[in-house]
Amino acid sequence: MAAKSDGAAVSLQNEIPAPSLPSPEQQRLQYRHVVRHYSLLDCCWVFCALLVFFSDGATDLWLAADYYLRREYWWFALTLVFVVVPSVVVQVLSFRWFMYDYSDMNGSGSGAAAVSSAAAAAAASTGDGNFSTKASGQRGAGSSGGAVAAPNAGRRSGIQRCCRACVWLFQSIIHILQLGQAWRYLHALYLGVQSRWRGEHERQHYYWRMMFESADISMLRLLETFLKSAPQLVLQLSIMIHSNEVQPLQGLSASASLVSLAWMVASYQKVLRDSRDDKLPMSYKAVMVQILWHLFTIGARTIAFALFASVFQLYFGIFIVTHWCIMTFWIIQGETDFCMSKWEEIIYNMMVGIIYIFCWFNVKEGGARCRLLAYCLVTLVENVVLTALWFLHRGAHTSDFCALVVVCVVLCSYAFGTFFMFIYYCLLHPDAAITAGQWGCMGDSGETEPGLSPVPQPSAVTSPPRTLQRTTGLERDREIGDRDGCPPVFQVRPCAPPCPEPHPVRTEGPVIRIDLPRKRYPAWDAHFIDRRLRKTILALEATSPVTPRLQYRTLGSPTEVLEYETTV
């Protein structure tokens, strides 16, 4: 059985020959990156993220109230705007995601597709391999299973409606109180703990639900920090420089904003790495070094911005808009692959352009070192020019000694950030990718298509090959009836002689075939971006005794795409 990218499942019977069993050493390498468990460090990381979230928001609100009490209404208004507006935008986006995820599955097309996929998985597990869900709505109405489930559904309909109403009310209150991210952190923590306590199959199910939730939190928090914390940091530093004094609340708010920015950039990269099972995960040592890297570089960047803005307010706005336009154009020229449509991709690139105002953010695999070096050189030149212009045109109330100290702080902070960046990339960056040989599958471009299953036991269902074998021109010219000379569509890389197993290896089980090429790092996969695929995967996992496998379409010629469709 397979599922297309729109969430609909189709039959996939006798499509893939039984693969050869890998040796124990190959099996250990093959699944070493897939067996991931929720650890105590992961739990502590969530609590620290909650602490950063609440400290950033609380200090900003406290500072806004202090400005109001001191009758500095202009600073009060700006501080409050940079808190409220980004928070409302993120809450609306979070609630929209909740509405889609929690919507009644029978009330929407995508939800119905997920239910159909679940029914297909159940049928496959009971031996109905020819089950197809393209017309499952009509067939399911007259099935015996539906007749048996109807009385139970009727008895429970009232309780279910009441529970759904309570959940909707609770989520509405949570998002009105601007606590949507906090609730998602707690939900991810709950799912992670459940993945530790449940059985083997349920453990994997809860773990990937936790990964989906963590992905949503990372995207929401990253958007919020660069819409709220970054402008807030520049604003407070500008007020300090303009007034030539530092209030304790100002320093506390600026520090919390800076830590939040560095934390979320590193956290985003960690969650993204952990969710990609074709990449090695990022260790917490690497995360801490990356936090220090961004902490110092963003600190130097924002201080330079604040110095320049304290003297040249209008030109600072022109500089920010120009830098944003150039960075956005540079990202668009890089042809990123994050969203499902062209216009969504442009909007995403515009949002990443805002991040590029403050720090480096990798959005495309390949050639990252050259792009990182170019970005570092550009930001270094900009920081030097902005700081030098402030030094030459500063007010008379700033002494030469204090000005030199500030310039040294900017340069030393950027130097420390660059130092930690080299430490990360030289010693701690998980640059080793999972190769096709480790998966025991043959791919046409070296890419692998991972599954979501743990280490298979002798009686477990093994994963089929993840990619289709590319057909060459000579092979396509052969006669269709010449079966001796024509290689099969699916091939498995030859490996060591198999070890004797007490049970034969089977190839049954749900296979989710995604009719999209796999998105390259650092963009998330289609099943992390498209919420319809999430529903399909979770529904299949809940009903099938075997964790479903994912199979992405490989890039190739139109003839190869046609072969992909006709071999189902």
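The values are calculated or read from the model by the stated rules, or taken from the named source; none is laboratory data. Since the model is a prediction, treat every value here as computed from it, not as a measurement. No Cβ is skipped: glycine too gets one built from the backbone with ideal geometry, and neighbour counts run over all protein chains shown. Quick note on the areas: whole protein, heavy atoms, side chains included, nothing else; ligands and nucleic acids left out. Shrake-Rupley method; radii C 1.70, N 1.55, O 1.52, S 1.80 Å.
Worth a mention:
- Leu61 - accessible surface, heavy atoms, 1.4 Å probe, Å² rounded to 10: 90
- Rg(Cα) / (2.2 N^0.38 Å) computed for segment 38-82, rounded to two decimals: 1.66
- Charge dipole of segment 149-296 about the Cα centre (unit charges at C-beta), most positive-ward option of Phe296, Trp208, Ile174: Trp208
- For segment 244-254, putting each phi into the Karplus relation 6.51 cos²θ - 1.76 cosθ + 1.60 with θ = phi - 60° gives couplings of 6, 8, 10, 7, x, 5, 5, x, 5, 5, 5 Hz, in residue order, rounded to whole numbers and with x for Gly and Pro.
- log₁₀ of I(q)/I(0) at q = 0.21 Å⁻¹ - segment 319-436, Debye sum with one point per alpha carbon: -1.22
- Built amide H within the under 5 Å cut-off of Leu516, gap 5+: Arg553
- Protection proxy ranking for 280-291, 162-173, using the average of other Cβ atoms within 10 Å per residue and placing the highest first: 280-291, 162-173.
- Packing-based ranking, highest mean first, of 310-321, 396-407 given that Cβ atoms within 10 Å are counted: 310-321, 396-407
- Cα→Cβ-extended label distance, 7 Å offset, between Leu427 and Lys342, nm: 4.7
- Overall Cα dimensions of segment 216-345 - principal axes, largest extent first, Å: 52, 34, 21
- Convex hull of Cα atoms in segment 284-388, direction-averaged projection (nm²): 7.5
- Taking Cα centre as origin and charging only the Cβ of basic (Lys, Arg, +1) and acidic (Asp, Glu, -1) residues, the dipole magnitude of segment 252-336 rounds to 200 debye.
- Residue list for segment 186-204, given a label point 7 angstrom along the Cα-to-Cβ vector of Leu177 and an amide N cut-off under 20 Å: 186-191
- Computed on the Cα atoms alone, the convex hull of segment 243-283 gives a volume of 69 cubic angstrom per residue.
- P(r) tail fraction, segment 234-307 - alpha-carbon pairs more than 15 Å apart, %: 60
- For q = 0.15, 0.17, 0.18 Å⁻¹, Debye-computed log10 I/I(0) when each Cα of segment 183-273 counts as one equal scatterer: -0.67, -0.76, -0.80
- Counting only heavy atoms of the protein chains and using a 1.4 Å probe, Glu335 has close to 140 Å² of accessible surface.
- For segment 215-368, the solvent-accessible area with a 1.4 angstrom probe is 36 square angstrom per residue.
- What the Cβ-Cβ distance of Phe329 and Val85 gives, at R0 = 30 Å and to the nearest 0.05, is a FRET efficiency of 0.70.
- Probe 1.4 Å - accessible area at Trp75, Å² to nearest ten: 70
- Once the gyration tensor of the Cα atoms in segment 152-308 is diagonalised, the equivalent ellipsoid follows with semi-axes of 39, 23, 10 Å, ordered largest first.
- The stretch between Cys408 and Val378 holds 8.9 nm of extra length on full extension. This uses 0.36 nm per residue minus the Cα-Cα distance.
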